[in-house]
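This report concerns only the one structure given below.
What follows draws every value from the coordinates through simple rules; no lab data is involved. Because the structure is a prediction, the values reported are computed rather than measured. Cβ: placed from backbone, ideal geometry, glycine included. Neighbour counts: every protein chain shown.
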Amino acid sequence: MYIDKSLKKYTININSSVSEALDKYRLEKARLLIIVDDEVRLLGVISNGDIVNWILNSSNDRRSSVKTLLNEDYFCLNIDSSLSDMNNSLKNYHTIPLVDDEGKLIGVARDFAEETLAISDHKISNDSSVFIISEIGINHNGSLETAKDLIRQSHECGADAVKLQVRDLESLYTASVLNDSLKAEHGTQYLLNELKKSELPSNHLSELCDYAQRIGIALIGTPFDLKSVDLLEQVGIPAYKIGSPDFTNIPLIEKVASLGKPMIISTGMSTEHEIQTVIEKLNRWSVDYALLHCNSTYPASIVDLNLKYINKLKALSNRVVGYSGHERGYLPTLAAVSMGAKIIERHFTLDNDADGPDHSSSLEPHDFKQMVRDIRQIEDALGDEKRVFNQGEQVNRIALGKSLVFSRDMELGEKITQSDLVSKTPAKGVSPLELENFVGKVLNKKVSKDDYIHFEDITILEQRTKSFDIDKKWGIVGRLNDFEDYLAWKPKLVEIHLTWRDLTQINLKELEKRFSSYDQDLVVHAPEYYQDKLIDFATRDKVVLNYSIEMLTKTIELAKILGSKFKGVCKNNGPKVVVHPGGHFESRLETKKTDQYKALSNNLTNIKKDGVELLVENMPPNPWYFGGQWYNTIFMDSAEIKQFVEDTNLGFCYDTSHALLYCNSINQNLNKFTKNIHTFTRHLHIADAAGTTQEGLQLGQGNIDFDHLFEVLNKVDSGFIPEIWQGHLNSGRGFHDALSTIEKLLKDKMSTRGCSNHESI
């Protein structure tokens with residue numbers, strides 16, 4: 001259970017319009033909107049069902065008052081209700097308004113905390129990347145320069161944040177122990193001596209905070225007493241860490257909670273009862289927090305780590321959970337990531353043999369850097385709980401899998417028996433899993449042996465649309481041998497994807513004679529391979545560069561010949577030629593982007609391209625080549641793309657699927673990406689995507705919010721094609737379905753938003 005007193009995201013004023021309510025509902029991803037008056041008195045709610053009912057009402061008007069959506073039949077509780085009453089009520093309601101005795105909204109009880117933990121520019125959630133903290137602690141040994149060196153090297157190793165420990169010894173220790181440490185236990189004697197040597201004055205803390213901010217890493221602090229909280233707050237840290245020794249120190253935790261900043265709390269040395277008690281208090285205080293599983297031994301024994309308790313912490317808190325490790329090495333830390341830890345905290349030192357209590361259980365820069373790399377690889381490997389096969393598997397599924405084909409010639413009207421169908425490779429048709437759906441059915445056409453069977457062969461076909469009412473320059477994508485199959489749809493442009501064999505095995509003069517004249521505009525997509533070798537224009541490898549340039553030169557030559565056959569080609573610029581930039585590797589490598597962009601710029605600007613308009617396509621972070629996953633380094637970031645286009649005057653081809661995969665990999669909003677580059681876009685590839693690897697999906701099968709995306713894309717003065725993976729199968733069904741979706745989306749926008757006819761995607 002979670003009590004949220006940040007009311008803005010839940011509430012909307014009674015004087016608002018339906019349009020404002022719907023926009024807020026969508027923007028905040030709220031499950032319940034609460035209607036309030038100017039005094040924040042609760043008047044009613046809007047639920048999912050209320051919105052659905054409004055949408056189904058044919059007379060709905062977005063400009064009408066939100067009162068038309070108001071539902072006065074709602075459940076609420078008094079803010080002073082017991083936690084048990086709230087928890088019991090949340091079994092029936094996912095969101096409960098909490099009011100005072102005057103009916104004013106004070107907070108919202110939630111079945112769980114959906115919010116992310118925001119620290120500086122990082123948003124930590126169960127769907128985010130692991131937030132990695134380099135715990136400097138007192139390993140600086142009181143030296144400002146050493147502390148700066150630790151911060152700098154932590155940043156270079158890939159840490160997201162660094163953490164310092166701050167103590168006011170007079171506030172922390174009893175006077176008797178502080179004045180005479182010999183009266184204390186041996187461990188306290190040693191530790192107190194080390195703490196006295198490691199104290200940093202307040203001006204040094206401020207300088208370190210400024211330094212961390214300057215180099216681009218978050219600095220957070222662990223206060224061990226109330227006075228240290230005041231000091232860290234003066235410094236201006238973005239978040240607090242509560243160490244295991246203070247897990248039950250309620251006065252300290254409550255004071256930090258009152259500051260309204262995120263908290264990360266370690267649970268070492270605590271019982272489960274204590275953990276449950278503190279969680280209840282944190283929820284009551286409406287704190288944004290995360291818990292870290294921890295064994296507070298330095299160094300901790302492997303057999304005592306009990307990593308399975310990470311799952312228990314998740315169940316107890318319904319919050320983001322992490323791991324604070326003190327073991328030698330970092331293998332258990334990687335295991336914690338695999339179990340769902342989204343925050344990792346490890347001590348960091350420049351020398352394991354240095355004097356001090358934490359150095360031996362800390363990681364040196366080399367090991368810390370390797371740990372970060374391993375964590376990122378584990379994140380890539382974990383994926384999500386959806387069972388999908390990626391593009392590489394799709395390629396292999398076709399090449400290695402089986403499809404049903406006819407075992408003999410058959411006539412129209414014959415009944416299909418099981419012996420009439422066999423399984424053969426490649427898998428370009430219906431899966432053998434569907435065999436029983438064909439047995440006993442009657443053919444609606446004549447077929448030959450080894451023809452692939454399709455459901456269309458046994459059903460009455462619906463007449464597929466041969467043209468689309470799309471008031472934009474839309475097109476189809478095909479190969480040299482099949483693009484004419486789609487011309488009956490009456491596209492306004494054609495994008496022809498070439499293979500390297502088209503460039504090496506086709507006689508250009510014969511090609512010129514082969515095609516007639518077409519009314520459409522033309523885009524030619526250059527091959528990704530040349531003579532079974534991957535092209536790359538961002539490389540300094542002369543062998544790779546030479547065959548890449550040879551490929552593009554031949555592509556341009558062929559494009560100009562084809563362009564003469566397409567009447568819609570602009571006479572000034574000629575046909576557009578789309579090319580992939582390169583910048584890919586089989587494994588993650590540290591590269592100098594500036595060198596790659598310089599090579600890309602030189603190689604593409606110097607190539608002879610008279611008579612065509614060259615467009616560079618944005619890339620996904622993990623493209624699929626030769627059936628395997630590679631790693632891309634450049635031409636993914638919108639700011640970098642914008643700078644490149646401005647510097648080179650080359651054109652840009654925007655692939656929505658590739659863009660989303662990149663945005664997902666860095667937790668960036670796709671709409672923001674689109675707004676940054678839409679003025680430079682000269683051609684569009686439209687497809688859906690999911691995660692960081694699933695590209696070319698059918699519209700609606702991925703994560704792209706096309707309703708919002710089209711608002712921006714309407715401003716782009718260029719044409720588009722639906723680039724759906726395997727969209728050409730079954731007579732272009734994938735392309736057809738995508739165009740139908742786009743047609744409907746654009747019509748809906750014209751009717752509801754009044755899009756200008758002169759704008760084009």
> Where both residues lie in the chain, what percent of DSSP beta bridges are antiparallel, nearest 5?
Replying inline: 35
>> Could you tell me the relative contact order of the chain? Use alpha-carbon pairs under 8 Å, at least six residues apart, and round to a whole percent.
In response: 7
> In region 602-761, what percentage of the DSSP-assigned beta bridges are antiparallel, given to the nearest 5?
Replying inline: 25
> By per-residue mean of other Cβ atoms within 10 Å, what is the highest-first order of 173-179, 392-398, 488-494?
Replying inline: 488-494, 392-398, 173-179
>> Using just the Cα positions, wrap the chain in a convex hull and report its mean projected area in square nanometres, one decimal place.
In response: 40.8
>> To make sure I understand, if each residue's beta carbon is the centre and we count other beta carbons within 10 Å, what order do 406, 680, 348, 735 fall in, fewest to most?
In response: 680, 406, 735, 348
> Could you give the length gained on full extension between residue 82 and residue 298, defined as 0.36 nm per residue of separation minus the Cα-Cα distance, in nm?
Replying inline: 73.7 nm
> Under a 5 Å amide H to amide H cut-off, with H placed in plane at 1.01 Å, what residues pair with residue 322 once short-range neighbours are removed?
Replying inline: 291, 292, 293, 342, 343
>> Let's test the formula: R0 of 30 Å, r as the Cβ-Cβ distance of residue 431 and residue 479. What FRET efficiency results, to the nearest 0.05?
In response: 0.80
> Listing 76, 653 from the residue with the fewest other Cβ atoms within 10 Å to the one with the most, what is the order?
Replying inline: 76, 653
> How much length is gained if the chain between residue 601 and residue 711 is pulled fully straight, taking 0.36 nm per residue apart and subtracting their Cα-Cα distance, in nm to one decimal?
Replying inline: 36.5 nm
> So what are region 391-457's ellipsoid semi-axes, whole angstrom, largest first, if each one is the square root of 5 times an eigenvalue of the alpha-carbon gyration tensor?
Replying inline: 23, 11, 10
> If you count, for each residue, the other Cβ atoms within 10 Å and average over each peptide, how do 420-427, 262-269, 576-583, 200-207 line up from highest to lowest?
Replying inline: 576-583, 262-269, 420-427, 200-207
>> Using each residue's phi in region 202-210, evaluate 6.51 cos²θ - 1.76 cosθ + 1.60 at θ = phi - 60° and report the 3J(HN,Hα) Karplus result to the nearest Hz, with x for Gly and Pro.
In response: 4, 5, 5, 4, 4, 5, 5, 5, 5
>> Can you compute 3J(HN,Hα) from phi for each residue in region 84-96, using the Karplus curve 6.51 cos²θ - 1.76 cosθ + 1.60 with θ = phi - 60°, rounded to whole Hz and x for Gly and Pro?
In response: 5, 5, 5, 4, 5, 5, 6, 5, 10, 10, 7, 9, 10
> What are the ³J(HN,Hα) values, in whole Hz, obtained from phi via the Karplus relation 6.51 cos²θ - 1.76 cosθ + 1.60 with θ = phi - 60°, for each residue of region 246-253 in sequence order, with x given for Gly and Pro?
Replying inline: 10, 4, 9, 7, 4, x, 5, 5
> Say each of residue 593 and residue 144 gets a label point 7 Å from the Cα, pointing the same way as Cα to Cβ; how far apart are those two points in nm?
Replying inline: 3.3
> Does a label point 7 Å from the Cα of residue 408, set along Cα-to-beta-carbon, have any residues of region 419-435 with amide nitrogen under 20 Å, and which are they?
Replying inline: 419-424, 435
> Using 1/(1 + (r/R0)^6) with R0 = 56 angstrom and r between the beta carbons of residue 510 and residue 63, what's the FRET efficiency to the nearest 0.05?
Replying inline: 0.35
> Efficiency by 1/(1 + (r/R0)^6): what FRET value for residue 608 and residue 567, r their Cβ-Cβ distance, R0 = 30 Å, to the nearest 0.05?
Replying inline: 0.75
>> Once each part is reduced to its C-alpha centroid, what is the distance from region 252-319 to region 80-148 in angstrom?
In response: 12
> When only C-alpha pairs under 8 Å and at least 6 residues apart count, what is the relative contact order of region 117-382, in percent?
Replying inline: 21
> Under a Cβ-Cβ cut-off of 12 Å, what is the net charge of the residues other than residue 301 that fall near it, where Lys and Arg count +1 and Asp and Glu count -1?
Replying inline: -1
> Share of antiparallel DSSP beta bridges in region 475-753, in percent to the nearest 5?
Replying inline: 20
